[in-house]
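Asks: Pasting in a structure now, in structure tokens, and then I'll have a few things to ask.
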Amino acid sequence: MRLLLLVLPILLPAWRFFKTVEASPRIEWSAGQGWQPLFPPPARVNLWQILARLFWNPQRNDALFMVSCAERLDDTPTDHSVAEIRARVRRVAGGTGAPLQFRVIFVWDQDASPEHEVAFLSDPFPP
């Protein structure tokens with residue numbers, strides 16, 4: 001019983017450790033033909049993929065790192081954060097040939113219609 005009492009806080013964490021819950025930044029990129037999400041969520045995930053992702057999910061880890069970089073760009077922009085996001089945009093954009101650009105946006109629902117605010121807009125950079 002004592003062991004269960006020690007393990008219970010690990011299994012059921014208290015959500016009070018978050019001081020505030022705010023909108024998460026999203027990163028979009030463009031090659032001149034409109035904005036696209038950098039890491040779009042998969043359209044469908046089956047049960048086996050869900051279970052496998054509990055143990056191995058490098059794409060989601062990379063997406064979470066990009067969220068950290070985007071949050072830093074909103075607070076205090078650094079060359080490191082810009083360079084990391086540019087590298088991911090270049091990888092996703094492939095050989096478009098057109099100058100690339102990315103932006104960090106915050107999305108929220110206001111009166112049942114999605115609204116967004118652009119927090120950071122990069123300068124165009126080569127592919």
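Asks: Among (1) part of a helix (DSSP H, G or I); (2) out of contact with any helix residue (DSSP H, G or I) (no Cβ under 6 Å at 6 or more places or on another chain), which single condition is residue 116 missing?
Replies: (1)
Asks: Of these, 83, 98, 87, which one is in contact (Cβ under 8 Å) with a residue 24 or more places away in the chain, among the aliphatic types (A, V, I, L, M), closer than 20 Å to residue 124 by Cβ and loosely packed, with under 15 Cβ neighbours inside 10 Å?
Replies: 98
Asks: Could you list all residues from the range 15-37 that are of a type in the set (Gly, Ala, Ser), modelled with pLDDT of 90 or more and surrounded by 10 or more Cβ atoms within 10 Å (Cβ to Cβ)?
Replies: Scanning the range 15-37 gives 30, 31.
Asks: Residues of the range 38-75 being outside any helix (DSSP H, G or I) and surrounded by 13 or more Cβ atoms within 10 Å (Cβ to Cβ), which ones?
Replies: Result: 38, 39, 57.
The values are calculated or read from the model by the stated rules, or taken from the named source; none is laboratory data. Because the structure is a prediction, the values reported are computed rather than measured. Using ideal geometry, Cβ is built from the backbone for each residue, glycine included, and neighbour counts are taken over all protein chains shown.
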